[in-house]
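Peer 1: Encoded as structure tokens, here's the structure I'll be asking about.
Every read-out reported here was derived from the displayed coordinates using simple, explicitly stated rules and does not represent laboratory data. What you see is a predicted model; the values in this text were computed from it and never measured. Here Cβ is always computed from backbone atoms with ideal geometry, including for glycine, and neighbour counts include all displayed protein chains.
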Amino acid sequence: MRVEPDEGGLTEQARRLLGPGWVTLGVAGALVAAVLGAGVLVQKAALPSPAPATLAAVRAATWLQRYRLVESTFSIGGGPVVHGQCLQDWFSAGGRRSRGAALQLDDGFVLLAVQPHTLVSRGGSAAERSLSPLVLMELGGCPRVLARRLDTLAQQHRGVTLAHGALSFALKATRVTLTLEPRTGRPLAVRVGTRDTRGVSRIRFATVTTQVRRLMSRSLPVYGS
Amino acid sequence: MTRYAWVATLEQAGSVPLGLRRAEESARRVPVLAWIAGWWLLGRAVIVVTAIVVHHFGPTGWIKHVAHAHALGPLQAWDGRWYRIVAGTGYLLVPGRQSDPAFFPLFPVLLRAGHALGLGYSTAGLVIANLGFLGALVAFHALTRDLFDDSMARRATAYLAVFPFGYTFSMIYPESIVLALIALSALSARRRRWGLAAVCAAAAALARPEGLFVALPLAVLAWQQRDALSPRARGVALGAVLAPAAAIGSFSLYLGNVLGDPLAWSQAQRAWGRAFEPLGVLRAMEGLGRAFAHDAWVTRDVAAVAVYLVLLAAAARAGVTWPWLLSGLAIVVLPLFSGSFDSVGRFGLLAPAAFWGLAALGRDPRANRVILGLSVPLLVAAMATLPLRFP
């Protein structure tokens, strides 16, 4: 059945539908939507967005901060392939407990770096012992070393470049390139270069277990967590 | 028909022509504006002179890097740096670290606008904050006169101009803009200009989360006017009440879009030591002993909470309505639920009811003299110790 429109052009049905309460709600809803939309638009138009490299650095740092144990497979200057484990933990050094990193390689080399001044290494080959501890820790994927630098550079919005899914940045005298998983931004590989050393490493995040800590504690000069 | 006739109501279209009436009103406003500008100038002069003295003679405290940048360096310190970072490079959430999504976007947007006009971010921040405070004083005076009377408005405005924690109004902080917007929003709502009220309330919330609490007085005003408003105007009024929440929602949407985390601002707050929880107040009280031992400056923040609570009680006795009291209470007490007394002195500046309470206490001429006599030296002391503790 056809309903005749009233004087104002509204059908009885439409008038009922658009009763005063509905008009109030409709206008309020429209205003809220306008504030939401205008708010987003103003922010998008007025504020700069962080560069993709900065965002990628934060994502990579978040991955690195999330794990305390990283397993790595690396070679330096085309030399033999070495497997390693880097653990971030609390260590007893100099009579006090401090945070630090321990890198253990499968050839028996162990490197311990504990804040503020402890840097100890033992075992391994003469070539390994002659290498910069920083290069070894970077190739070992020691998470806090890399994460802290990435966070700092990201907050400064400079010093990080992103090209072909790899993040490059400088850390003291080294140039580090992290290859990232495209979808998640998780670091997969590390390439480290200095004036006279080149190294490549594949890294994998792992969970710290009692067994890992026990093995570490046996081989480390100082340990206690 | 003149242009004015279009806006004339039947009441206004009485014996005096509207143009003439407006001219008279403008003439009456000039001395009031000059009086407000005088108080603004006095308060800001005290702050600027103290900042220059601090710049030359110290203490440098924690703000070494900006204190000596130039004469007004101390006014750019603390959070001013973060607002400049947001304006310059946008938001970035660094999990577990203090990062900038903790700072709301309107002030950085204004800094960028100032920058587009050729000002540096720091200069733009100082200009906007200080001119914003002049606007805040004018709007606050008008609102107070609307709610109470002229003498109350004068006292409250003068006290606000030289309030000891008010040095923040001259720093690169959004407080002055937010106070102006809160007052304008309420004033517009009282005059049934709900569209403007909505814009101001939304902008206030987009500048500081405390802007959300203006929704309380707006809600009560909308309810009181409900019979006098058309259904459409009622909708605008309801929209104005919801606008601050929508504005905060727009910030979340923006962060979700840019950083992939709509709650980035809440996450960042956590890294600043602010995690809201139901028993946060107890945690704040419990941690007081430790806080005193670690840093005696917490005394200032605890004293600020006590002072604001006393002022709100005075406001209640003076007849300030409950929505304003409740919004003031929320501004002063809610931060304690994050487990910390930090910065409440600054947050309380956005509770107009506290200044109405102070103005009520100042009715007695002797009390008035004591309040003004204490405020100026305390303002100087607060400004002089700015390098030692964040506001």
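Peer 1: Which FRET efficiency, nearest 0.05, do A:S75 and A:S217 yield, Cβ-Cβ r, R0 25 Å?
Peer 2: 0.35
Peer 1: Step through the residues of region A:107-120 one at a time and calculate ³J(HN,Hα) from phi using the Karplus curve (6.51 cos²θ - 1.76 cosθ + 1.60, θ = phi - 60°), rounding each to whole Hz and writing x for Gly and Pro.
Peer 2: Each residue of region A:107-120 in turn: 8, x, 6, 10, 10, 10, 10, 10, 5, x, 10, 8, 9, 10 Hz.
Peer 1: Counting Lys +1, Arg +1, Asp -1, Glu -1, what net charge surrounds B:A233 among other residues with beta carbon under 12 Å of its beta carbon?
Peer 2: +4
Peer 1: If one takes the longest principal axis of the Cα atoms in chain A, at what angle in degrees, from 0 to 90 and to the nearest 10, does the Cα axis of helix A:210-219 lie?
Peer 2: Around 30 degrees separate the two axes.
Peer 1: Computed over the Cα atoms, what is the radius of gyration of chain B divided by 2.2 N^0.38 Å, N being its residue count?
Peer 2: Working it through for chain B, the quotient is 1.01.
Peer 1: Using only the alpha-carbon atoms, how far is helix B:121-147 inclined from the longest principal axis of chain B? Give it as 0 to 90 degrees, nearest 10.
Peer 2: 40 degrees
Peer 1: Give the Rg/Rh ratio for region B:33-99, taking Rg as the radius of gyration of the Cα atoms and Rh as the Kirkwood radius, to two decimals.
Peer 2: Here Rg/Rh amounts to 1.13.
Peer 1: Peptide A:151-157: average number of partner chain Cβ atoms within 10 Å per residue?
Peer 2: The per-residue average across the peptide is 4.
Peer 1: Let me ask you something else. Quick check of the Kirkwood formula: for region B:281-391, what is the inverse mean of 1/r over all pairs of different Cα atoms, in Å? Don't skip to the end; give the middle numbers.
Peer 2: Working: mean 1/r = 0.0674 Å⁻¹.
After inverting the mean inverse Cα-Cα distance, the result is 14.8 Å.
Peer 1: On to the next question. At 222 nm, what helix-only mean residue ellipticity would chain B give, in deg cm²/dmol to the nearest 500, using -39500 (n - 2.57) for each DSSP H run of four or more? List each step's numbers first, then the result.
Peer 2: Numbers: 18 runs with 262 residues, N = 391.
Calculated from helices alone, the mean residue ellipticity at 222 nm is -22000 deg cm²/dmol.
Peer 1: Here is a follow-up. When averaged across all projection directions, what area in nm² does the alpha-carbon convex hull of the protein assembly as shown cover?
Peer 2: Taking a quarter of the hull surface, the average projection is 39.3 nm².
Peer 1: Shielding of A:57-66 by partners, i.e. mean partner chain Cβ atoms within 10 Å per residue?
Peer 2: Whole-number average of other-chain Cβ neighbours for A:57-66 is 2.
Peer 1: With angles folded into 0 to 90 degrees, how steeply does helix B:322-333 sit against the dominant principal axis of chain B? Use alpha carbons for both and round to 10.
Peer 2: 10 degrees
Peer 1: Just want the ordering: A:R158, A:R195, from fewest to most Cβ atoms lying within 10 Å of their own Cβ.
Peer 2: Going from sparsest to densest Cβ surroundings: A:R195, A:R158.
Peer 1: Continuing with this model, one more query. Relative contact order of region B:265-391: what whole-number percent is it, with Cα pairs under 8 angstrom and at least 6 residues apart? Before the final figure, lay out the partial values.
Peer 2: On the way: 126 pairs, mean separation 39.0, N = 127.
Rounded, it is 31 percent for region B:265-391.
Peer 1: Would you mind ranking A:T177, B:T144 so that the residue whose beta carbon has the fewest other beta carbons within 10 Å leads the list?
Peer 2: A:T177, B:T144
Peer 1: Also: What does the structure give for B:198-207 when I average, per residue, the other chain Cβ atoms found within 10 Å of the residue Cβ?
Peer 2: On the way: counts 5, 4, 0, 1, 7, 3, 0, 2, 5, 0.
Mean shielding by partner chains, rounded to a whole number: 3.
Peer 1: Given a cut-off of under 8 Å on Cα pairs at least six residues apart, what relative contact order in percent is computed for chain B?
Peer 2: Here the relative contact order equals 20 percent.
Peer 1: Relative contact order for region B:190-268 using alpha-carbon pairs under 8 Å, separation at least 6, rounded to a whole percent? Write down the numbers at each step before the final one.
Peer 2: Working: 82 pairs, mean separation 27.8, N = 79.
The normalised contact order for region B:190-268 reaches 35 percent.
Peer 1: For region B:154-198, what D do you get in µm² per second when you plug the Kirkwood radius from alpha-carbon pairs into Stokes-Einstein at 25 °C and 0.890 mPa s? Mind dumping the intermediate values first?
Peer 2: Working: Rh = 11.7 Å.
Taking Rh from Cα pairs, D becomes 210 µm²/s.
Peer 1: Could you work out the helix-only [θ] at 222 nm for chain A, with each DSSP H run of four or more residues adding -39,500 (n - 2.57) and the total divided by the number of residues, to the nearest 500 deg cm²/dmol?
Peer 2: Per the formula, -11500 deg cm²/dmol.
Peer 1: Rg and Dmax of chain A, using alpha carbons, in Å: what are they?
Peer 2: 28.5, 99
Peer 1: On to the next question. Which of B:M152, A:M137 comes first, and how do the rest follow, when ranked by fewest Cβ neighbours within 10 Å?
Peer 2: With the sparsest Cβ surroundings first, the list reads B:M152, A:M137.
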